[in-house]
Amino acid sequence: MVPNNHMNNLTTLIKRLEAATSRLEDMAASLDSPGPSPAAGTSILSSNVSPGAAPPLPAAEPLPKCIEAFDAIISNEVKAFLDISQQLGDLVVPQSKAVLKAFEAERKYLLVSTKAKKPEAQPPELFTDLHRASDEINNIRESNRPSPFFNHLSAVAEGVVALGWFFETRPATFVTDTLGGAQFYGNRVLNQYKDKDKTHVEYIQAYYQIYKSLIDYIKEYYPRGVTWNDKDGIDVMDALKQVSSGSSSVAAPPAAAAKEAGGAPPPPPPPPPPGPPPVIKAAAPSNDMSAVFDQLNQGSAVTAGLRKVDKSEQTHKNPSLRAQSIVPGSPTSRGKSPAPSKKPKPESMRVKKPSRKQLEGNKWFIEHFDSPADIVEISASLTQSILISRCNKTIIKVNGKANAISLDNCVGVSIIVDSLVSSLEAIKCSKFALQIDGNVPAVMFDQIDGGQVYLNAGSMDAEILTSKCTAINIVLPPQEDVEDSDAKECPIPEQIRTTIKDGAIFSEIVDHVG
């Protein structure tokens, strides 16, 4: 009986093993059934795709002609300027690289305008890169005033303001006028190095050429300012995201084909990460009033779910709670309509800096004074020059005989000067006043809008040169040999009549006699 029992147990064990093996085989078959076997997949691929053939790349979206033309300026004029700056080295190299960044930022703005509808208020994100590049250019100039390359840096910093042309209705004229500010410093470089080092001359001329090409570009594509794609454009922020990600110009490349004929296809890309959990939105209230009437019909039962407030928690019976407790804010703040963003202006690209009056070497720097309470007064010598920049409603008095004075981008500035060895130059100033107590050989004005020049008897032989100026008056002192004579105000002519005779041009001042 004992052997029979062992045989029965062995038979039962074998049957159980066979049953378990059968279940495992069924499970393995069910796992392999959804997809073809590797051999089958390989044979299908090799029968349908020729050896070594790669799937065709999707065609890149063509760029608008206006963007291709702007790319030509970057690859030709801007690149040539960058190459010449490498020869000079020193501080001009990082500044010229910042110029390239500024033009690339402007290209992004123009590309967005071809894809988007014109927004009511342009978002500041459109100008982030341009502001950053402009600040870098200006900071290099401001932090290196004692450098021998200061005129180089100043010419570039003044010229980059022209990149704000897309806010103007007459952008070509705006760029032309702004180029005058760059030429004020650039021409100094040309005069200083014309007989010394031609590389400096080529550097300035290459920078001028950038804006000359930009003016031609604007006249051809944007004569009245930047145009937008109002016909079938998208939202400006969506267009900015497309341009920033690079998806607007070139489509995403497909998976690479097998390098060798008959090779296995590349593995599929990993699955994307799981998305955020779905946001459960509250059900929208129905348009009918049935739910409201159902609650009204409940009567007093509608308050059955409210909790009774204990007396110890009632603030009107416990003054101490009123002094200690703070009313919590609403868990979900009510949405507010965003305030309209202000339209940026080219001047906003500049960072406002603290006022400065400082002598560095033989140069005085007077900068960023805005309506000071007292007169800004300095004592200068024959070897010292004075640079006055970006001052507003400021009275400046220069004691002693200085070498020269230069002003730029000032509003409402009045200057009292004793004497100068060389000249006084003013560019891009308005509401300007100059009083000469001694002798100044020459006064040069460029782009001055409104100015008064008060001369004394010792400065009557001064030469006054004007260019693109309006409303400038010269006040002559009273005549010494005439009793009770008053000062005489003489306006500088602004209107010139030009005629052509025998192939030659003749110009004369138009005199209006009332």
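Annotations
- Across the stretch 99-116, the number of residues qualifying as among the charged types (D, E, K, R) and more than 17 Å from residue 222 (Cβ to Cβ) comes to 2.
- Some residue of the stretch 164-186 being surrounded by fewer than 17 Cβ atoms within 10 Å (Cβ to Cβ) and under 18 Å from the mean Cα position of the chain (by Cα): yes
- Hits in the stretch 435-447 - residues which are surrounded by fewer than 23 Cβ atoms within 10 Å (Cβ to Cβ) and of a type outside the set (D, E, K, R): 435, 436, 438, 439, 441, 442, 444, 447
- Identity of the residue in the stretch 181-231, hydroxyl-bearing (Ser, Thr, Tyr) and part of a loop (DSSP other than H, G, I, E, B), that ends up nearest to residue 160 (Cα to Cα): 222
- From the list 120, 158, the one residue that fits, being among the acidic types (Asp, Glu) and crowded, with 20+ Cβ neighbours inside 10 Å, is 158.
- Matching option when the condition is of a type in the set (Gly, Ala, Ser), out of contact with any helix residue (DSSP H, G or I) (no Cβ under 6 Å at 6 or more places or on another chain) and part of a loop (DSSP other than H, G, I, E, B), among 419, 430, 485: 485
- The stretch 492-509, subset more than 23 Å from residue 439 (Cβ to Cβ) and surrounded by 10 or more Cβ atoms within 10 Å (Cβ to Cβ), residue nearest to the chain's Cα centre (by Cα): 494
- Summed over the stretch 226-256, residues that are of a type in the set (Val, Ile, Thr) and either touching a Cys at 6+ places or on another chain (Cβ under 9 Å) or modelled with pLDDT of 85 or more (or both) total 3.
- Cβ pairs under 7 Å, 6+ apart, first in the stretch 197-218 and without any contact (Cβ under 8 Å) to a residue 40 or more places away in the chain, second surrounded by fewer than 19 Cβ atoms within 10 Å (Cβ to Cβ) and in a helix (DSSP H, G or I): 201/190; 201/193
- Residue within the stretch 371-387 that is within 24 Å of residue 160 (Cβ to Cβ), outside the structural domain of residue 146 (by TED's automatic domain parsing) and buried (at least 17 other Cβ atoms within 10 Å of the Cβ) present: yes
- Screening residue 147 against (1) under 18 Å from residue 200 (Cα atoms); (2) surrounded by 22 or more Cβ atoms within 10 Å (Cβ to Cβ); (3) among the hydroxyl-bearing types (Ser, Thr, Tyr) leaves a single unmet condition, (2).
- For the stretch 74-107, a residue qualifies if it is assigned to a helix (DSSP H, G or I), in contact with a Leu (Cβ under 9 Å, 6 or more places away or on another chain) and crowded, with 19+ Cβ neighbours inside 10 Å, and the qualifying residues are 77, 78, 81, 92, 95, 96, 99, 102, 103, 105, 106.
The values are calculated or read from the model by the stated rules, or taken from the named source; none is laboratory data. The structure displayed is predicted, hence computed values, not measured ones. All Cβ positions, even for glycine, are placed from backbone atoms using ideal geometry, and neighbour counts span all protein chains on display.
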